[in-house]
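My questions all concern the structure below.
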Amino acid sequence: MANKLGHEPSNATEVFGDRFTFVPSMGGDVLTFIEVDMGRGVFQRFNGPFKAEGLNLVVLDLWDWWKSGGYWDLPFYEVRIDAFPEKPELMGRTGLVEVLQGKVLWSEPS
């Protein structure tokens, strides 16, 4: 599917990339929470609501807490925070957002 969109992954393990963004679509276009990787595998939960306006979350991959096998339901997208007006100190970090909180949009290359 990605090839039909003109997306060429940089390596065989990449599913998404810079053209794929997460857009909150529940409860008035707000993000209810995000789990942010603060380093060394420590995640901190930031509770919203956070407005979708100005928020830019680039989708990197699907994510599950149970990476060591067993049942995976992949309830999260791993995202890179490129813009977050309400929490600018988080820009550049990666985080997790629930799949059910929004949708993934693909944008045409400029």
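The values are calculated or read from the model by the stated rules, or taken from the named source; none is laboratory data. As the structure is a prediction and not an experimental result, all values here were calculated from the model. Here Cβ is always computed from backbone atoms with ideal geometry, including for glycine, and neighbour counts include all displayed protein chains.
Could you grab me the full set of residues in region 83-110 that are modelled with pLDDT under 90 and acidic (Asp, Glu)?
Matches in region 83-110: GLU108 only.
Any residue in region 3-18 that is out of contact with any Gly (no Cβ under 8 Å at 6 or more places or on another chain), at pLDDT below 90, surrounded by fewer than 10 Cβ atoms within 10 Å (Cβ to Cβ) and of a type in the set (Asp, Glu)?
Within region 3-18 (the criterion being out of contact with any Gly (no Cβ under 8 Å at 6 or more places or on another chain), at pLDDT below 90, surrounded by fewer than 10 Cβ atoms within 10 Å (Cβ to Cβ) and of a type in the set (Asp, Glu)), the answer is yes, since at least one residue qualifies.
Turning to a different aspect of this structure: Residue by residue through region 19-42, note down the ones that are surrounded by 14 or more Cβ atoms within 10 Å (Cβ to Cβ) and either assigned to a loop (DSSP other than H, G, I, E, B) or not aliphatic (A, V, I, L, M) (or both).
ARG19, PHE20, THR21, PHE22, PRO24, SER25, ASP29, THR32, PHE33, GLU35, ASP37, listed by residue number.
May I pose another question? Can you run down the residue pairs with Cβ atoms below 9 Å, 6 or more apart or on separate chains, where the first is in region 23-48 and on the phi > 0 side of the Ramachandran plot and the partner is among the acidic types (Asp, Glu)?
If the second residue must be among the acidic types (Asp, Glu), the pairs left are ASP29/GLU53.
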